[in-house]
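Comments concern the structure below.
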Amino acid sequence: MYRKREKGQTFKSIREAATQKMIDAVVERLRAENISEKLCCIELFYQGGLSYFPPPIFLGQEEDRQQLLASNNPDARHSVFAPGLMGESRYLEITDPDTLEICDQLEQEIQSGQKWDTAVGILRDVAAALTRYDWSEILDVTPDFVVFAIDWEMEGDHLAAVLGASASKDQVREWKAKGWL
């Protein structure tokens with residue numbers, strides 16, 4: 001259903017509000033879950049051109065990553081950033097009504113203007129902010145913990161660049177040296 005902008009609303013104001021709401025909603029959703037497992041990554045999934053906001057939140061558990069790395073499968077190293085392939089898939093959805101409302105409005109703006117690159121940029125901004133977030137009171141995370149936004153079908157072959165939008169160049173180099181990228 002089409003929603004007209006409110007008086008004074010601009011694409012920029014909708015974008016800024018939605019970005020902050022998504023960051024806050026992910027943090028609150030994770031806080032509410034009381035996750036006891038150590039996490040190595042969080043994937044924010046989207047489907048380019050179809051659906052961006054709000055993204056499902058896939059949790060990458062360190063225990064699953066270690067099992068992959070210890071397996072005899074030589075290709076397992078290439079799945080350490082794919083929570084859906086690491087073990088039993090665990091994902092969460094944003095349910096906050098205010099966040100869903102502004103995300104619907106942002107999705108409408110993106111779809112009507114065909115601003116696909118802008119949508120990806122917004123998700124990468126959210127992921128980078130969440131990577132830098134102080135999780136110490138909410139989650140147990142690995143030292144190389146990263147949050148990233150990805151459309152596996154379109155960007156699966158560019159994982160280093162996707163992760164590099166949130167992680168430091170040194171971290172990406174370390175993952176490459178380990179053979180994970």
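Each reported figure results from applying straightforward, stated rules to the coordinates on display, with no laboratory input. A quick note: this is a predicted structure, and the numbers were derived from the prediction, not measured. Using ideal geometry, Cβ is built from the backbone for each residue, glycine included, and neighbour counts are taken over all protein chains shown.
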Item checked: For the chain: relative contact order, % (alpha-carbon pairs under 8 angstrom, 6 or more apart) -> 29
Notebook entry, point to check: Rounded if a/c is under 1.5, else prolate if a/b beats b/c, else oblate: with a ≥ b ≥ c from the C-alpha gyration tensor eigenvalues square-rooted, which is the stretch 124-181?
Noted result: oblate
Check: Share of antiparallel DSSP beta bridges in the chain, in percent to the nearest 5?
Finding: 55
Next item on the list: Could you tell me whether the stretch 25-85 comes out rounded, prolate or oblate from its Cα gyration tensor? Rule is a ≥ b ≥ c as square roots of the eigenvalues, rounded for a/c under 1.5, then prolate if a/b exceeds b/c, otherwise oblate.
Entry: oblate
Checklist line | Average silhouette area of the stretch 11-177, convex hull of alpha-carbon atoms, in square nanometres | finding: 9.6
Item checked: Theoretical gain in end-to-end length, LYS178 to GLU16 [0.36 nm per residue, Cα-Cα removed] -> 54.6 nm
Checklist line | Set LYS21/LYS178; LYS12/LYS169; LYS4/LYS38; LYS38/LYS115; LYS38/LYS178 screened for pairs whose C-alpha atoms are more than 32 Å apart | finding: LYS21/LYS178; LYS4/LYS38; LYS38/LYS115
Notebook entry, point to check: Which loop GluC sites (Glu not before Pro) in the stretch 1-78, with loop taken from DSSP, have no more than 11 other Cβ atoms within 10 angstrom of their Cβ?
Noted result: GLU6
Item checked: C-alpha center-to-center spacing [the stretch 150-170, the stretch 32-72] in angstrom -> 14
Next item on the list: Multiply the residue separation of ILE138 and ASP157 by 0.36 nm, subtract the distance between their alpha-carbon atoms, and state the gained length in nm to one decimal.
Entry: 3.6 nm
Item checked: Selection of GluC sites (Glu not before Pro), the stretch 65-138, meeting DSSP coil and at most 13 other Cβ within 10 Å -> GLU88, GLU93, GLU137
Check: In degrees from 0 to 90, rounded to the nearest 10, what is the angle of the helix 11-33 Cα long axis to the longest principal axis of the chain?
Finding: 50
